[in-house]
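Structure record follows, encoded as structure tokens.
The values are calculated or read from the model by the stated rules, or taken from the named source; none is laboratory data. If you're wondering where the values come from, they're calculated on a predicted model, not measured in any experiment. Note that we place each Cβ from the backbone using ideal geometry, even for glycine, and neighbour counts take in every protein chain shown. Ligands, DNA and RNA are stripped out before the accessible areas are found, and what is left, the full protein with its side chains, is counted by its heavy atoms. Shrake-Rupley method; radii C 1.70, N 1.55, O 1.52, S 1.80 Å.
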Amino acid sequence: MTIDILKSLYDRDLKRLQVEIESYQNEESLWEIDKNISNSGGNLCLHLLGNLNTYIGAELGKTRYERQRDLEFSLKNIPKTELLEKLENLVQIINSTLERLSEEDLKKQYPTEALGYSMTTGYFLIHLLLHLNYHLGQINYHRRFLDI
């Protein structure tokens, strides 16, 4: 049951992220920052892609994804269509990875101490979902504030 809930929530919230990125009327606004907003919507999207591809795709799904975290915040002007394609691929990776997990797997230790301490896989998957939602809210705010 927990796996089905996680799949449903990740699917729902990644679709919300896709809608946020699609909703930028001015593609250049996706990469704008302001004196009080230090991360653009585009860079936050890249950060979420890197984060989830690393901790779910590579660690649990064995996708061989290699994260370049510094580029998540320094790359600019990637076409919106490319971001949306990467998000669609991520949805498939997360779904296929979660489908292979069992309820017992969720109780096992996550393979690395990604937060600096040992935790179960289920705990970390919930943490990652909350992290996604935190940045999803920032992207929504960024879009409404700077997409003019």
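Report, in order of residue number, the helices in the chain meeting two criteria: a C-alpha extent of 18 Å or more along the helix axis, and a mean Kyte-Doolittle hydropathy of at least -0.5; treat each whole DSSP H run as one helix.
Details: long enough: 2-22 (30 Å, -0.37); 80-100 (30 Å, -0.32); 121-146 (37 Å, 0.13).
Length and hydropathy pass: 2-22, 80-100, 121-146.
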Subject >> Ranked packing of 41-49, 66-74, most packed first, by mean Cβ within 10 Å >> reply: 41-49, 66-74
**OP:** From largest accessible area down, sort Phe145, Phe124; use a 1.4 Å probe on the protein chains.
**Re:** Phe145, Phe124
Subject >> Amide H contacts under 5 Å for Thr120, placed H, 5+ residues apart >> reply: Tyr110
Subject >> Efficiency of FRET from Cβ geometry, Leu84 and Tyr134, R₀ 22 Å, rounded to 0.05 >> reply: 0.60
**OP:** Could you state the accessible area per residue of the chain in Å², with a 1.4 Å probe and every protein chain left in place?
**Re:** 55
Original post:
By the gyration tensor of its Cα atoms, with a ≥ b ≥ c the square roots of the eigenvalues, what is the shape of the chain: rounded for a/c under 1.5, prolate for a/b over b/c, or oblate?
Top reply: prolate
Subject >> Label-point separation, Thr63 to Tyr123 (7 Å along Cα→Cβ), nm >> reply: 2.5
Original post:
What accessible surface, in Å², does a 1.4 Å probe find on Ile93, ignoring ligands, DNA and RNA and rounding to the nearest 10?
Top reply: 40
Original post:
How many percent of the accessible area of the stretch 84-148 is carbon or sulfur, using a 1.4 Å probe?
Top reply: 55
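Let me check I've understood the local charge: for Asn133, count other residues with C-beta under 15 angstrom from its C-beta, Lys and Arg +1, Asp and Glu -1. What total comes out?
On the way: positive: Arg12, Lys15, Arg16; negative: Asp11, Asp13, Glu20.
Neighbourhood net charge equals 0.
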Original post:
Which ³J(HN,Hα) values, rounded to whole Hz and listed in residue order, are derived for the stretch 24-36 from phi using the Karplus coefficients 6.51, -1.76 and 1.60 in 6.51 cos²θ - 1.76 cosθ + 1.60 with θ = phi - 60°, glycine and proline given as x?
Top reply: 4, 6, 10, 4, 5, 5, 4, 10, 6, 10, 9, 4, 9
Subject >> aspartates and glutamates with Cα under 15 Å of Lys108, excluding same-chain neighbours fewer than 8 positions away >> reply: Glu59
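From the helices alone, meaning DSSP H stretches of at least four residues, give me the mean residue ellipticity at 222 nm for the chain, per-run term -39500 (n - 2.57), in deg cm²/dmol to the nearest 500. If you can, show how the numbers build up before the last one.
Numbers: 6 runs with 91 residues, N = 148.
My calculation for the chain gives -20000 deg cm²/dmol from helical runs alone.
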Original post:
Based on the alpha-carbon gyration tensor of the stretch 1-76 and its eigenvalue square roots a ≥ b ≥ c, which shape applies: rounded if a/c is under 1.5, prolate if not and a/b is larger than b/c, or oblate?
Top reply: oblate
Original post:
Roughly how many debye, to the nearest 20, is the charge dipole of the chain about its Cα centre, given +1 on each Lys and Arg Cβ, -1 on each Asp and Glu Cβ, and no other charges?
Top reply: 180
Subject >> Mean Cβ neighbour count within 10 Å, used as a protection proxy, ranking 101-107, 11-17 highest first >> reply: 11-17, 101-107
Original post:
Top to bottom by accessible area (1.4 Å), largest first, where do Ser40, Ser8 land?
Top reply: Ser8, Ser40
